[in-house]
1. Take peptide B:151-163, look around each residue's Cβ out to 10 angstrom, count Cβ atoms belonging to other protein chains, and average those counts.
2. So if I take the alpha carbon set of segment A:78-173, get Rg, then get Rh from the Kirkwood formula, what is the Rg over Rh ratio?
3. Hey, what did chain A get for relative contact order, percent, Cα under 8 Å, at least 6 apart?
4. Stokes-Einstein diffusion coefficient for segment A:3-42 at 20 °C in a medium of 1.002 mPa s, Rh from the Kirkwood formula over Cα pairs: what value in µm²/s?
5. Beyond a 21 Å Cα-Cα separation, which of these cross-linked pairs lie in this structure: A:Lys115/A:Lys302; A:Lys204/A:Lys302; A:Lys146/B:Lys194?
6. Kindly provide the Kirkwood hydrodynamic radius of segment B:23-73 in Å, to one decimal, from all pairs of distinct alpha carbon atoms.
7. For the protein assembly as shown, give me the percentage of DSSP beta bridges that are antiparallel, rounded to the nearest 5 percent.
8. Compute the distribution of all C-alpha to C-alpha distances in segment B:70-137, in bins of 5 Å from 0, and list the percent of pairs in each, rounded to whole numbers.
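What follows draws every value from the coordinates through simple rules; no lab data is involved. A quick note: this is a predicted structure, and the numbers were derived from the prediction, not measured. Please note: Cβ atoms are built from the backbone with ideal geometry, for glycine as well, and neighbour counts cover all protein chains shown.
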Amino acid sequence: MSLKKTRFKYLGESLIEGNIKITAILAIIAVFLIFFFILRESLPIFFNGEVQQEITFGKFFQGIQWQPVSDHPRFSLWPIIMGSLKVTMIALVFAVPVAIGAALYSSEFAGRRLKEFIKPVVELLAGIPSVVLGFFALIIMASFLKNIFGWTYRLNAVNAGIALGFAIIPAIYSLAEDALNAVPKSFREAALGLGATPWQTAVKVVLPAALPGVSAAVLFGMGRAVGETMVVLMAAGNAPLFSLNPLESTRTMTATIAAELGEVVFGSGHYHALFFIGLTLFTVTFVINLISWALFDGLMSKLYGAKK
Amino acid sequence: MKLKTIMFWASLALVVIMACNFVMAGKAITLKGSDTLLMLGQRWAELYMQKNPGVVIQVTGGGSGVGIAALINGSTDICQASRSMKDSERKKIRERYFNLGSEIPVAKDGVTLYLNEKNQISELTLDQIKDVYTGKTTNWSQLGGPDAKIIVYGRENSSGTYAFFREAAMKNADYTSSMQSLPGTSAVVNAVAKDKYGVGFGGAAYAKGVKEVAIKTAKGSFKPTAETVKSGQYPLSRNLYWYVRGKPSGEIKKLVDWVLSPEGQEVVKTVGYFTVK
């Protein structure tokens, strides 16, 4: 009886194990399938003669206008690439000091109680749906900023960038905090023992030691910012202008896909162009994440590898 | 052990209920498409379901193009559209269902140009509107207003209103790149209401807290009202449509008949659009 029960237990466990394995593999397969789908839908731009009458690879870089619904459609990617870069940079300028500062405080200065409060609360910020952040930026923040600074355009890259900053602060904070925490205690003890103040220890010893990990956190945040859609769709004004001015409206690559894919005629040049934008975004975020991951891995072996 | 049994039956019951919901949803009449018609469609659905218990109507937006695509691939029964179908779309319907589908005008709308209430301008000609939206006119002083930049708001190119406005007001010229495209008419209205130098366009029903511009034609200037839209004096009048595959029949026919009845058309008026008849 008891033997039977044990065997049954083993069978059950191996079943569960198998199930989990399958789900893990399915998740990986799903990522690959999505990638191949995007790739397949953007390939006609290169190979399909019918589609090429409307859109070719060269057309993406001709001129500076994104005007797909027109008697003479123009598909220049420059304005939307510029838009994505502009908004991402503004978001980073806003979010990086805040997030790294918070991470440094909570890992080096805050007491244990406070730390246990700060970390979950900042990470809670990640739980705010981006559409809510976007709505807030669209209705409240835009008017607020405009009234203070007297800007011509209510919805502009700065407005969207700040809102986007809120969206990526938790990601950067969380990863940077992990990196700072990974610095062995002995580093701090040595610095303090040599007479450094806690501030000197934090900024001149711990932060430089964790720098690869902190840069990884920043890059990770950057990847999130490039791919974030709803906030920019709502708060940036979506005018496809090719301009460096952060106070003008701007349109990002993600917002372009989100706004236009709903209507586009299936199989048209415009349709494939949107998938090409998707492919570009996928590649960019993939590379950014890869670098970020490599940096973090490098940090770990730098801090602990020598011990072996 | 007992708790487990209860849990088992409870979860089984939950699954059964969910399955029932799916089956019920399968029987529902679905309406999908134009965001301009969304508000009206919902009001119709509410009233109709109240009067006919047992009928379930689901209304979703997404844009006219989305609705037409859904009609073509069979995922909606009725498509709400703020523009008539393009030839390419009609062709697809014919290829799949061997008929042209039915086009039913269910309401009329006057696409309205919105200005901020503080703006002193109250009438414009179609040519002036076109120049603003193509980017030829960029300052209010060129239209007799103060010396300030015109902030141009519009819709995304997936919107039926975008297409209609481009055709009817701009004679198919391209929108200026500096037009800010906002998701939804209410976003446009909200932006213009907050922006002293803003200008936007959208359905007449949404014009709350903004000024409606009268359009100056050779015959006089007209605001979008019931008479001017119905008579066509207001130059930016359009029909709002329902599309069905084939001829409406059964429950769908009953719904269509009710929508076109005086009672259904009364709803059109309360929402802020204009009746077809």
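1. Mean number of neighbouring Cβ atoms from other chains: 4.
2. Over the Cα atoms of segment A:78-173, Rg/Rh equals 1.05.
3. 25 percent
4. Roughly 175 µm²/s, to the nearest whole number.
5. From A:Lys115/A:Lys302; A:Lys204/A:Lys302; A:Lys146/B:Lys194, over 21 Å: A:Lys115/A:Lys302.
6. 11.3 Å
7. Restricted to the protein assembly as shown, the bridges split so that about 60 percent are antiparallel.
8. Histogramming segment B:70-137 at 5 Å steps yields 3, 11, 17, 16, 9, 9, 11, 12, 8, 3, 1 percent.
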